[in-house]
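Structure, as structure tokens:
The values are calculated or read from the model by the stated rules, or taken from the named source; none is laboratory data. Just so it is clear, the model here is predicted, and its values are computed rather than measured. All Cβ positions, glycine included, derive from the backbone under ideal geometry; neighbour counts span all protein chains shown.
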């Protein structure tokens with residue numbers, strides 16, 4: 001007799017459902033499909049020559065350190081560099097505040113691991129980042145959702161949500177994945193105030209903060225948390241745990257990201273990471289450090305901004321031209337995504353197969369809703385296709401939407 | 001007011017203790033200390049030129065694929081290569097049976113995540129791999145221990161342990177970390193028989209299987225599980241989940257390892273990995289594939305065997321010369337470690353500070369005991385020091401042991 005695996009899984013494994021959408025989206029990888037489904041950077045912007053030169057320098061270190069085990073908290077020169085960079089943006093921290101993670105997805109997982117008891121409530125935006133839900137479902141999290149409008153999380157709804165006694169607030173303030181909206185400066189201050197009032201810490205997830213294509217930079221939520229320290233404007237208070245990554249600035253295929261937190265939280269995270277994967281690859285941490293350290297990153301980010309601004313604009317223009325008037329979408333000031341809302345009653349999941357038949361792909365928005373809803377929404381990525389492809393893809397998708405809307409009108 | 005983090009951690013975080021030993025062992029990294037504490041390969045054996053050439057080829061791929069996101073299950077050519085390699089060793093599997101993990105530590109974590117409910121019992125060897133305990137403690141595992149002698153897990157004790165209704169049996173059959181002992185062929189067959197009889201799956205952890213310095217290769221436990229399939233000698237039955245890694249064969253700093261399991265288990269692991277770190281670094285998987293694919297790995301393993309055999313022999317010789325006669329140790333046929341047992345009543349934890357003062361380090365054995373005990377044991381690594389260092393280090397450690405033994409005799 002064979003092992004009956006279905007009988008042996010942990011309860012938390014029952015929460016992991018195989019997803020029809022995920023299966024369908026595998027088709028989106030086919031070469032002739034124009035995919036707005038993923039969250040992938042433009043590969044033509046990867047700095048291949050810089051990686052090659054850096055790899056040469058890192059490997060040439062005679063003691064083979066790049067290929068050896070290294071410490072769980074991360075490569076110290078890289079942590080120092082991130083600390084200096086963060087300080088430049090107005091938050092005084094040191095390497096002690098930083099843990100290197102194997103992508104921000106691992107950061108979310110480790111935070112779930114050290115904080116979430118089964119049944120703990122987490123305040124999340126509606127919609128929110130799907131990967132955070134995937135990470136925290138494994139620890140038995142429950143969610144309290146706060147709607148998002150064009151200025152981010154709605155503060156009155158947040159105030160209500162905080163009355164449920166949540167473990168923490170999870171927010172993506174810049175060009176949010178999936179909606180593309182940005183939390184306004186006024187609301188950031190209010191968020192900090194409310195969080196402090198209720199004594200609830202914040203997890204600020206900021207993968208795209210530097211990829212702004214218009215408007216002025218708004219300080220991170222972590223920078224705004226100043227309570228009780230008027231004497232020290234740049235001090236890091238620790239109540240906001242901040243995550244960012246090199247995935248969108250350099251390359252996601254290296255899996256190097258970081259968490260900023262109070263040293264005592266970093267220590268717990270380090271212990272959790274020992275059990276999770278021991279350490280992030282030494283070679284990759286050194287590679288990122290070598291590429292980023294001499295000011296290359298600043299120049300590269302400028303290139304990315306120009307590239308992605310053009311693509312965002314191409315998508316916005318195409319949407320105006322080819323999407324039915326009953327359909328609305330966000331105007332992101334940065335990041336990789338925009339968010340489309342169809343009239344109520346339409347379900348974007350039903351449109352995925354017709355869209356794939358037209359050789360274009362998107363992600364139905366329901367998956368980004370922690371507690372259901374959002375059937376009439378979809379996420380579109382604009383970083384991974386060039387302007388011609390964007391124009392062609394939106395034209396095709398527009399036809400699918402036209403068809404769906406007509407059907408609704410014909411069969412009410 | 002600051003967040004009182006201590007109040008906010010999950011219950012599972014309480015099980016993570018900060019370890020005095022871990023703190024002490026940080027001293028072992030100092031340059032003038034001869035450390036037998038880590039489990040590090042010899043860095044001088046890392047194939048730097050091969051890595052450099054492979055990095056060049058991988059980066060030169062025009063589409064930047066090495067730096068892009070890739071699938072959670074792993075790089076298909078690498079999974080195919082591992083499947084071919086495993087088939088060569090007598091187990092017919094395909095890429096569908098393989099998940100690439102970010103080191104074997106992640107493999108252990110993901111297995112814990114999909115299988116372990118709080119309170120579930122796991123059968124482990126006594127002593128066993130510390131990292132497995134670290135991974136599974138986070139999921140609330142309890143342990144049933146089975147003593148190990150010079151032929152590995154004791155089968156009568158295993159039979160008793162199986163009566164407790166465990167979730168799975170965890171075994172390191174080859175040159176076990178920490179004890180260095182090997183599970184005999186006879187016992188492997190008995191293990192499979194007992195596991196089948198009780199309907200309990202096995203997790204076989206085999207990081208060192210190819211690093212054998214004497215004696216004949218013994219088939220993996222996964223290869224011996226043939227029940228009900230006399231028609232198909234090489235078929236993989238799936239009841240034994242098998243883990244291995246490139247950490248000891250190529251380099252641990254790349255964090256590339258793999259799990260072999262039934263396709264349905266692999267699918268659950270893939271879903272768990274999506275939440276844990278999305279994917280193992282694309283670049284690293286391609287790098288390992290490029291280095292390993294043209295037969296280099298076989299040649300390189302021969303080099304490693306010669307190198308480590310010499311070091312093992314140097315340590316065994318030095319132990320004979322410099323350790324007190326009341327002390328016993330194992331004679332590993334491969335791997336990286338041997339295991340030292342002092343007379344009862346001595347506590348190796350007490351010897352760590354004196355040893356560090358003599359500029360030599362080891363790991364006290366207690367940490368490898370899931371349910372306590374083993375105070376009079378220690379683990380010694382022989383792969384990371386050269387023969388001269390080994391001789392000098394064992395001489396120093398011998399003195400520390402002599403001193404401790406004298407003290408026991410003087411103050412009974």
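Tabulated values for the structure
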{"quantity": "Selected residue [in contact (Cβ under 8 Å) with a residue 12 or more places away in the chain, more than 9 Å from chain A (Cβ to nearest Cβ) and touching a strand residue (DSSP E or B) at 6+ places or on another chain (Cβ under 8 Å)] from B:101, B:86", "calculated": "B:86"}
{"quantity": "Residue B:79 vs. criteria buried (at least 17 other Cβ atoms within 10 Å of the Cβ) and more than 18 Å from residue B:272 (Cβ to Cβ)", "calculated": "no"}
{"quantity": "Test: residue in the stretch B:195-206 that is within 13 Å of chain A (Cβ to nearest Cβ), touching a residue at least 40 places away in the same chain (Cβ under 8 Å) and more than 21 Å from residue B:154 (Cβ to Cβ)", "calculated": "no"}
{"quantity": "Within the stretch A:114-164, considering residues that are more than 14 Å from chain B (Cβ to nearest Cβ) and part of a helix (DSSP H, G or I), the one nearest to residue A:266 (Cα to Cα)", "calculated": "A:162"}
{"quantity": "Residue, farthest from residue B:332 (Cα to Cα), within the stretch B:391-400, restricted to residues that are in contact with a helix residue (DSSP H, G or I) (Cβ under 7 Å, 6 or more places away or on another chain) and buried (at least 24 other Cβ atoms within 10 Å of the Cβ)", "calculated": "B:397"}
{"quantity": "Selected residue (only one of B:50, B:44 is more than 8 Å from chain A (Cβ to nearest Cβ), out of contact with any strand residue (DSSP E or B) (no Cβ under 8 Å at 6 or more places or on another chain), modelled with pLDDT of 85 or more and not in a loop (DSSP other than H, G, I, E, B))", "calculated": "B:50"}
{"quantity": "Hits in the stretch B:13-37 (condition: within 10 Å of another protein chain (Cβ to nearest Cβ) and buried (at least 19 other Cβ atoms within 10 Å of the Cβ))", "calculated": "B:13, B:16"}
{"quantity": "Some residue of the stretch B:306-321 being on the phi < 0 side of the Ramachandran plot and in contact with a strand residue (DSSP E or B) (Cβ under 6 Å, 6 or more places away or on another chain)", "calculated": "yes"}
{"quantity": "Residue tally, condition within 7 Å of chain B (Cβ to nearest Cβ) and part of a helix (DSSP H, G or I), over the stretch A:274-286", "calculated": "6"}
{"quantity": "Any hit, the stretch B:327-341, residues being modelled with pLDDT under 95 and more than 22 Å from residue B:42 (Cα to Cα)", "calculated": "no"}
{"quantity": "Residues located in the stretch A:314-338, provided they are touching a helix residue (DSSP H, G or I) at 6+ places or on another chain (Cβ under 7 Å) and part of a strand (DSSP E or B)", "calculated": "A:329, A:338"}
{"quantity": "The stretch A:59-76, residues that are assigned to a loop (DSSP other than H, G, I, E, B) and under 17 Å from residue A:277 (Cα atoms)", "calculated": "A:68, A:69, A:70, A:71, A:72, A:73, A:74, A:75"}
{"quantity": "When residues of the stretch B:1-16 are limited to those that are part of a loop (DSSP other than H, G, I, E, B) and farther than 18 Å from residue A:195 by Cα, the one modelled with the highest pLDDT", "calculated": "B:10"}
{"quantity": "Subset tally (residues that are buried (at least 18 other Cβ atoms within 10 Å of the Cβ) and out of contact with any helix residue (DSSP H, G or I) (no Cβ under 6 Å at 6 or more places or on another chain)) for the stretch B:366-378", "calculated": "3"}
{"quantity": "Where residue A:352 falls short, out of the listed (1) farther than 30 Å from residue A:373 by Cβ; (2) part of a helix (DSSP H, G or I)", "calculated": "(1)"}
{"quantity": "Test result for residue B:328, exposed (fewer than 15 other Cβ atoms within 10 Å of the Cβ) and in contact with a strand residue (DSSP E or B) (Cβ under 6 Å, 6 or more places away or on another chain)", "calculated": "yes"}
{"quantity": "Condition check for residue B:372: without any contact (Cβ under 8 Å) to a residue 60 or more places away in the chain and under 23 Å from the mean Cα position of the chain (by Cα)", "calculated": "yes"}
{"quantity": "Residues (under 16 Å from the mean Cα position of the chain (by Cα) and either buried (at least 24 other Cβ atoms within 10 Å of the Cβ) or modelled with pLDDT of 95 or more (or both)) located in the stretch A:134-153", "calculated": "A:135, A:136, A:148, A:152, A:153"}
{"quantity": "Leading residue by the ranking (farthest from residue B:72 (Cα to Cα)) among those in the stretch A:251-273 that are assigned to a loop (DSSP other than H, G, I, E, B) and within 8 Å of chain B (Cβ to nearest Cβ)", "calculated": "A:262"}
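Residue-wise test of (1) in contact with a helix residue (DSSP H, G or I) (Cβ under 8 Å, 6 or more places away or on another chain); (2) more than 21 Å from residue A:69 (Cα to Cα).
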site: B:343; (1), (2): yes, yes
site: B:353; (1), (2): yes, yes
site: B:381; (1), (2): no, no
site: B:389; (1), (2): no, no
site: B:402; (1), (2): no, yes
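Each row is one residue, and each column tells you yes or no for (1) without any contact (Cβ under 8 Å) to a residue 60 or more places away in the chain; (2) closer than 25 Å to residue A:393 by Cβ; (3) not assigned by TED's automatic domain parsing to the domain that holds residue A:36.
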{"position": "A:270", "(1), (2), (3)": "no, no, yes"}
{"position": "A:280", "(1), (2), (3)": "no, no, yes"}
{"position": "A:316", "(1), (2), (3)": "yes, yes, no"}
{"position": "A:333", "(1), (2), (3)": "no, yes, no"}
{"position": "A:337", "(1), (2), (3)": "no, yes, no"}
{"position": "A:341", "(1), (2), (3)": "yes, yes, no"}
{"position": "A:356", "(1), (2), (3)": "no, yes, no"}
{"position": "A:364", "(1), (2), (3)": "no, yes, no"}
